[in-house]
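Okay, structure first, notes after.
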Amino acid sequence: MALLVDEELAVGELTRIVQMPQSTISRHLKVLLAAGWLSRRSEGTASYFWADPNGYSDTRRQLWDLTRSALFDDPQLEEDRNRMDGVIAQRSVDTEAFFGRVAGEWDSMRRDLFGDDFPTQCLASLLPREWVVADLGCGTGDLVALMAGSVSKVIGIDREEAMLTVAKQRLKAAENVTLYRGSLSDLPLEDRTLDVALCMLVLHHVAELAPVLSEVSRVLKPSGLFLVVDMRKHSREAYRKTMGHQHLGFDRDVLSGAAREHQLTEIDYQELEQPHTALGPGLFLAKFQRNQ
C-alpha cells in the first residue's frame with residue numbers, strides 16, 4: 001500500500017520490488033481492490049494499481065494514516081522503495097520498445113486513455129484571446145463549449161428551443177457565453193460584432209442563402225472570418241424528406257459566388273478527408289473573409 005501511494009505500479013513491477021511470487025501479489029491486490037483501497041486501470045494486457053488516500057472517507061483515511069505511521073522506520077519498506085526506484089528508472093529504457101510494439105494501435109490507445117477531445121481543445125487554445133466568436137446553428141452547444149475557454153466571448157444562436165435547453169445546461173458555468181434563440185436570416189446581433197462566425201453543417205437546412213449571407217456580412221467586423229463546414233454536392237434526394245435538407249450539398253463555385261455578392265471573399269477551401277466508416281456525403285471546409 002505504501003508503495004502504491006507513491007507510484008502507479010503493474011503487477012510484474014510489484015513482484016520485482018517486493019520479491020514475492022506474482023500469484024501472492026495478485027491475491028493481495030484483489031482483496032485490496034475489492035475493499036476499495038486501490039484503483040486499477042488496464043493498458044493492453046497489463047493492469048496498473050495505485051492508492052489515493054485523498055479519495056478515502058475520513059474513517060478510512062484515519063485508519064490508513066495510523067497504519068502508515070507504523071511503517072516509517074521499517075527497513076524492509078526502505079529496501080522496497082530503493083528497488084522501486086530502479087524499476088521506475090527501467091521504464092525509460094523500455095519506452096522505445098513500448099512505442100515500437102504499440103505504434104499501430106497508439107491512436108486508439110490514446111483515445112482510450114485520454115478521450116477524443118483534448119487535441120481539439122489544444123488547437124482551440126491557439127485562437128486569439130480577444131476574439132468574439134459566434135456559432136450559427138449551435139445546436140446543443142458542443143462547439144460553443146470547446147471555444148469558451150479560449151476566446152473572450154462566444155455566442156450561440158439556434159432556432160430550436162429544445163437544442164438551446166440542452167446547451168444552456170451544458171454551458172451554465174461558462175460566464176463568457178451568451179445563447180440566443182433566433183433565425184440565421186435575422187441574427188439578434190449588432191452590426192460588426194464578430195471576429196468569427198461559424199456555420200457547421202447548417203447551411204443545407206436553409207432555404208435561401210442570400211438572407212443568411214447578408215446577415216453574416218452585417219455582423220462581421222471588417223476582415224472578420226466566416227467558416228463553413230458542409231456537404232459537397234451530392235444526389236441523395238432522400239435527405240430532403242428524411243432530414244429536411246433544403247440543399248443537396250453545395251458546389252464550390254456557386255457558394256463562393258453567392259458569398260461574393262455579400263462582401264465575403266473565399267480565402268480557403270478544402271475537401272475534408274472522409275473516414276471509411278462515414279455513411280454520409282463528403283464534407284468541405286470553406287473560409288471567407290469580410291471585405292473592408
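The values are calculated or read from the model by the stated rules, or taken from the named source; none is laboratory data. On a predicted model such as this, the values are computed, not experimentally measured, just so you know. Glycine also receives a Cβ, built like all others from the backbone with ideal geometry; neighbour counts cover every protein chain displayed.
Summary table below
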item	result
Hits in the stretch 131-150 (condition: more than 18 Å from Val202 (Cβ to Cβ) and modelled with pLDDT under 95)	Ala148, Gly149, Ser150
Lone unmet requirement of (1) under 15 Å from Trp64 (Cβ atoms); (2) of a type in the set (D, E, K, R); (3) in contact with a strand residue (DSSP E or B) (Cβ under 7 Å, 6 or more places away or on another chain) for Arg40	(1)
Some residue of the stretch 217-230 being within 28 Å of Leu189 (Cβ to Cβ), among the basic types (Lys, Arg), in contact with a strand residue (DSSP E or B) (Cβ under 7 Å, 6 or more places away or on another chain) and not in a loop (DSSP other than H, G, I, E, B)	yes
Close pairs (6 angstrom Cβ cut-off, 6 or more residues apart or separate chains): within 18 Å of Arg181 (Cβ to Cβ) in the stretch 126-137, part of a strand (DSSP E or B) and not charged (D, E, K, R) anywhere	Ala134/Ile155; Ala134/Leu194; Ala134/Ala197; Asp135/Gly156; Asp135/Leu198; Leu136/Ile157; Leu136/Ala197; Leu136/Cys199
Residue list for the stretch 29-51, restricted to those being in a loop (DSSP other than H, G, I, E, B), under 30 Å from the mean Cα position of the chain (by Cα) and surrounded by 12 or more Cβ atoms within 10 Å (Cβ to Cβ)	Leu38, Ala51
Selection count where residues are surrounded by 12 or more Cβ atoms within 10 Å (Cβ to Cβ) and either of a type in the set (Phe, Trp, Tyr) or without any contact (Cβ under 8 Å) to a residue 60 or more places away in the chain (or both), scope the stretch 228-250	15
Residue within the stretch 269-289 that is within 29 Å of Leu194 (Cβ to Cβ), of a type in the set (Asp, Glu) and surrounded by 11 or more Cβ atoms within 10 Å (Cβ to Cβ) present	yes
All positions within the stretch 184-218 that are within 28 Å of the chain's Cα centre (by Cα) and loosely packed, with under 15 Cβ neighbours inside 10 Å	Leu201
Every residue from the stretch 237-255 that is closer than 22 Å to Tyr269 by Cβ and not small (Gly, Ala, Ser)	His245, Gln246, His247, Leu248, Phe250, Asp251, Arg252, Asp253, Val254, Leu255
Failed condition for His205, given (1) more than 21 Å from Met243 (Cα to Cα); (2) at pLDDT below 95; (3) not aromatic (Phe, Trp, Tyr)	(1)
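Results for (1) β-branched (Val, Ile, Thr); (2) within 26 Å of Ser217 (Cα to Cα); (3) not in a helix (DSSP H, G or I), shown as yes or no for each residue.
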residue: Arg111; (1), (2), (3): no, no, no
residue: Asp116; (1), (2), (3): no, no, yes
residue: Thr120; (1), (2), (3): yes, no, no
residue: Glu130; (1), (2), (3): no, yes, yes
